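> This is the structure I want to talk about, given as structure tokens.
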Amino acid sequence: MTSIKDVAAEAGLSVATVSRVLNDHPSVSADARTRVLAAVETLGYRPNAVARSLRTDQTHALGLVISDVLNPYFTELARSVEEEARALGYSVIIGNADERPDLQDHHVRTLLDRRIDGLLVSPTDGGSPLMLDAARAGTPMVFVDRWIPGVDVPVVRSDGREAVRDLVAHLHRLGHRRVAIIAGPAATTTGSERVEAFRAALAEHGIPLPDTYTGQGDFQADSGRRVTEGFLDLPEPPEVVFAADNLMALGALDAIRARGLRVPDDIALAAFDDIRWFVHTDPPITAIAQPTGELGRAAVRALVDRIEGRPPESVTLPARLVVRRSCGESPSPVQRSTT
């Protein structure tokens, strides 16, 4: 990675002069400034992305990089982050990664360049050198919902394993044995964790999960639609499709309806990440709900603790199963949730 020493060598100046240019010191000559900026451009050096996050002045602004602003889960998360930050005297600047690692890093770099006091990130994958460098440099940072293994920053997330076990037990009681999953990206911690929890829960009931019943999605609706179409084309389609997030569940529902099939009469549907819309679908969708508002508020508190010199703590909150009528449940005027 290019360092400030490399910039100094390229410009033919001292490190101290380069530092003064990068920090807009008034004593720098026009010639030195021109040479440093040319070296920065030539080498692709990004001074603010890491170095300038180690500052003592505060802007009372926080950065939030979310995976997909069109996902209602992240929309609700962003709202709770903004509300809690405002209550603590901070504003929030939001970047939408759209489930793209390159766009994620663009927003992280831009936010650090704007001298935010701290950064909240829901990583799109586990391979961002920029975030690793920023964490090592001491940038106040908290991961929310997802995390990057090996990066030593607090993590605020939910644990959905027990809720997945509850879902599988619920499906088993209803008599379902051919169960498929639309998995999220394996490069994300939530994607890998949910499919592993689902597989383990099925094994507890002696239910296999063959490769033909495991479809790879990307946490977006089109992938849910595509994977479900593949399931429906099988000689023996599954009885239940479990989508590992809400948008993939909506895509699955589109694919099922496009074939003239009905949920749950012809095929059942369940989802991870409950959203308010699910109660209004026909039938209402059985889903695993995360404590989204609590996660957002806890993430802000952890980040502000870090910024203000208090030891931050990671937080893990339980998800829960919300039973409705998309898996063959008996009609009931009251939805039931497990805790």
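The values are calculated or read from the model by the stated rules, or taken from the named source; none is laboratory data. This one's a predicted model, so the numbers in the text were calculated from it and none came from an experiment. FYI the Cβ positions are ideal-geometry reconstructions off the backbone, even for glycines, and counts take in every protein chain you see. Please note that ligands, DNA and RNA were not included when accessible areas were found on the heavy atoms of the full protein model with its side chains. Shrake-Rupley method; radii C 1.70, N 1.55, O 1.52, S 1.80 Å.
> Given the residues A287, A302, which is the only one that is in contact (Cβ under 8 Å) with a residue 12 or more places away in the chain, farther than 24 Å from A186 by Cβ, surrounded by 19 or more Cβ atoms within 10 Å (Cβ to Cβ) and under 23 Å from the mean Cα position of the chain (by Cα)?
A302
> On to the next question. For the stretch 74-116, give me each residue that is touching a strand residue (DSSP E or B) at 6+ places or on another chain (Cβ under 6 Å), farther than 30 Å from A186 by Cβ and not hydrophobic (A, V, I, L, M, F, W, C).
Hits for the stretch 74-116 are E82, Y90, S91.
> Of all the residues that make up the stretch 177-218, how many are in contact with an Asp or Glu (Cβ under 8 Å, 6 or more places away or on another chain) and either charged (D, E, K, R) or open to solvent by 50 Å² or more (accessible area, probe 1.4 Å) (or both)?
Count: 4.
> Within the stretch 133-145, can one find any residue that is closer than 16 Å to D245 by Cβ and over 17 Å from the mean Cα position of the chain (by Cα)?
Checked the stretch 133-145: no residue is closer than 16 Å to D245 by Cβ and over 17 Å from the mean Cα position of the chain (by Cα).
> Would it be correct to say that A78 is open to solvent by 40 Å² or more (accessible area, probe 1.4 Å) and either modelled with pLDDT under 90 or not in a strand (DSSP E or B) (or both)?
The answer is no for A78.
> Shifting gears a bit: Hand me the list of strands (runs of 3 or more DSSP E) wholly inside the stretch 179-276 holding 3 or more residues that are in contact (Cβ under 8 Å) with a residue 60 or more places away in the chain.
179-183, 240-243, 268-272
> Identify, please: which residue in the stretch 153-165 is of a type outside the set (A, V, I, L, M, F, W, C) and surrounded by 20 or more Cβ atoms within 10 Å (Cβ to Cβ) and is, among those, nearest to the chain's Cα centre (by Cα)?
Looking at the filtered set, the residue picked out is R157.
> If you don't mind, another one. Out of the residues in the stretch 106-134 that are more than 22 Å from V304 (Cα to Cα) and part of a helix (DSSP H, G or I), which is modelled with the highest pLDDT?
H106
> Within the stretch 138-152, does at least one residue satisfy the condition of being open to solvent by 20 Å² or more (accessible area, probe 1.4 Å), touching a strand residue (DSSP E or B) at 6+ places or on another chain (Cβ under 6 Å) and under 17 Å from P312 (Cα atoms)?
Scanning the stretch 138-152 turns up at least one residue that is open to solvent by 20 Å² or more (accessible area, probe 1.4 Å), touching a strand residue (DSSP E or B) at 6+ places or on another chain (Cβ under 6 Å) and under 17 Å from P312 (Cα atoms).
> List the residue pairs whose Cβ atoms are under 9 Å apart, where the first residue sits in the stretch 69-96 and is more than 18 Å from I307 (Cβ to Cβ), the second is aromatic (F, W, Y) and open to solvent by 10 Å² or more (accessible area, probe 1.4 Å), and the two are 6 or more positions apart or on different chains.
Listed pairs, sorted by first residue: P72/W277.
> Can you pull out every residue in the stretch 146-172 that is under 14 Å from F242 (Cα atoms) and in contact with a Phe, Trp or Tyr (Cβ under 6 Å, 6 or more places away or on another chain)?
Across the stretch 146-172, the qualifying residue is only V164.
> How many residues does the stretch 263-281 hold that are open to solvent by 40 Å² or more (accessible area, probe 1.4 Å) and touching a helix residue (DSSP H, G or I) at 6+ places or on another chain (Cβ under 8 Å)?
Count: 3.
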